[in-house]
Amino acid sequence: MSEPATLTRDAVDAIDAAKQIDDILALPEHLRDALWRVESAKLEQHDAPGGLIVAGMGGSAIGGALARAALGDRASRPLIVMRDYGVPSWTTPDATVLCASYSGNTEETLAAFEAAGALGARRVVATTGGKLAAAAREEGVPVIPLPGAFQPRAAVGYMLVIALEVAAACGVSEALHSEIDVAAAHTEELVAEWGPDGAEDALPKQLARGLLGTIPQIAGAGLTAPIAYRWKTQLNENAKILAHSSELPELDHNEVAGWVGAPEHGQFSAVFLDDSDLHPRIRQRIELTRGLIGASAAASFRVESRGETRLERLVSLLLLGDLVSLYLAVLRGIDPTPVDAIERLKGALIGG
């Protein structure tokens, strides 16, 4: 396995057989199309004092976590993500449950759909079809249709906007239509700068080269905490490497001590996702923590979000992480799209 000299479009296309790069670069279009799809679903405005529960797994769940971060203190009611079978034990009929499954056949989400219905909670479904769409239509539950032919993780823009729109529909937050449009326009600029047709020293290409051969530890805080987790999962699925995520300030109370032994076990790198709106003490902790682990880390990076609004800044780091994971896959000579281990596990569960 040799590192290609460049990360040009030709170099990416030679490895990325299914052209996942095009789905990543289409993020601005996905944000806009998601607004149209929610509008077409004609969701009824309703009051949900119990808040919004987003039930999903993997790429279908991350939209809820990102939406919660994007809203910040503008969320007037709870917005939580349930990555499991069923819904939380405290769920009441005055909550809204968004059941998100790209395939429509995710068994955990199907269980959540049934559990929410049994409790009498209002439900909304986001899917391409499958058993979930069939059950929703049979029970008169509104369905927000997702476009087909994606890997579920590539539909993150849709899942983010849908979670934001459902949150607005049930009184969890104000609507962010204009901010979504602005974020899409801002992301178009970043696509041009960071995509494979951009400069070879563009930030995601630099980061991919810096992380090559290491086990990345991605750290976030506040707005960037769920994005750190998204980076971790994209590195797992696209680059086919182990990666981990954690959150400041908590990691300074445990993980930082473990870095002393890191060189005994391999090459570990650290990426800290920064944001201009983070608590000043958190931003100070990033630099102090980088200094403390410096001797043990194979590489260490501090990456700051770009944009004016919380949503713009969140989406900037979302795009950046997706590109880093794909570029790292290319550097490793591995097609980013197939996830054979996940498919084998699903097959074994069905067979069992």
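The values are calculated or read from the model by the stated rules, or taken from the named source; none is laboratory data. Everything numeric in this text was worked out from a predicted model, so none of it was measured. No Cβ is skipped: glycine too gets one built from the backbone with ideal geometry, and neighbour counts run over all protein chains shown.
Computed quantities for the displayed model
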{"read-out": "Which listed residue, of Arg37, Arg74, is in contact with a Leu (Cβ under 9 Å, 6 or more places away or on another chain), surrounded by fewer than 14 Cβ atoms within 10 Å (Cβ to Cβ) and in contact (Cβ under 8 Å) with a residue 60 or more places away in the chain", "value": "Arg74"}
{"read-out": "Region 199-216, residues that are out of contact with any Leu (no Cβ under 9 Å at 6 or more places or on another chain) and either among the aromatic types (Phe, Trp, Tyr) or more than 18 Å from Lys232 (Cα to Cα) (or both)", "value": "Ala199, Asp201"}
{"read-out": "Which numbered condition Val87 misses (of (1) over 17 Å from Ala48 (Cα atoms); (2) at pLDDT below 95; (3) surrounded by 19 or more Cβ atoms within 10 Å (Cβ to Cβ))", "value": "(1)"}
{"read-out": "Pair list, Cβ < 6 Å and 6+ apart or interchain, from region 256-283 residues that are within 11 Å of Gly220 (Cα to Cα) to residues that are β-branched (Val, Ile, Thr) and part of a strand (DSSP E or B)", "value": "Val271/Ile218; Leu273/Val303"}
{"read-out": "Pairs where the first residue, in region 211-237, is over 19 Å from Tyr327 (Cβ atoms) and in the same structural domain as Tyr327 (by TED's automatic domain parsing) and the second is among the aromatic types (Phe, Trp, Tyr) and crowded, with 19+ Cβ neighbours inside 10 Å, C-beta under 6 Å, 6+ apart", "value": "Ala219/Phe272"}
{"read-out": "Residue in region 276-285 that is charged (D, E, K, R), within 30 Å of Ala184 (Cβ to Cβ) and within 19 Å of the chain's Cα centre (by Cα) present", "value": "no"}
{"read-out": "Some residue of region 93-105 being in contact (Cβ under 8 Å) with a residue 60 or more places away in the chain, crowded, with 18+ Cβ neighbours inside 10 Å, in contact with a Leu (Cβ under 7 Å, 6 or more places away or on another chain) and not polar (S, T, N, Q)", "value": "yes"}
{"read-out": "Residue, farthest from Val182 (Cα to Cα), within region 294-315, restricted to residues that are in contact with a Phe, Trp or Tyr (Cβ under 9 Å, 6 or more places away or on another chain) and among the polar types (S, T, N, Q)", "value": "Ser296"}
